[in-house]
């Protein structure tokens with residue numbers, strides 16, 4: 001009787017491994033259901049825009065891509081405004 005349970009456990013574990021590896025059919029494509037940051041794109045960011053920024057939480061904190069996009073935009077705007085200050 002114990003051999004029967006051992007064989008059943010091995011068969012169940014094998015079936016789970018096959019399904020997990022994708023042999024039981026492909027999983028549906030994942031889509032990103034988290035909202036994007038609501039920042040204005042038609043004008044430079046203001047201090048109020050930055051105060052209102054709230055990053056959506058991901059599994060281990062914030063989405064790095066959201067933070068990277070905001071930091072890159074701020075850096076570009078700072079470069080633009082510092083270029084304006086130097087020319088005047």
For residue 38 and residue 78 in one chain, what is 0.36 nm times their gap in residues minus the Cα-Cα distance, to one decimal in nm?
12.4 nm
Fully extended, how many nm does the chain gain between residue 68 and residue 20 (0.36 nm per residue separation, minus their Cα-Cα distance)?
14.0 nm
Compute the distance in nm between two label points, each set 7 Å from the Cα along the Cα-to-Cβ direction, one at residue 48 and one at residue 28.
4.0 nm
So, R0 is 41 Å and r is the distance between the beta-carbons of residue 7 and residue 57; what FRET efficiency does that work out to, to 0.05?
0.35
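Each reported figure results from applying straightforward, stated rules to the coordinates on display, with no laboratory input. The structure presented is a predicted model; accordingly, all values stated were derived computationally and were not measured. Virtual Cβ from ideal backbone geometry, glycine too; neighbours counted across all protein chains shown.
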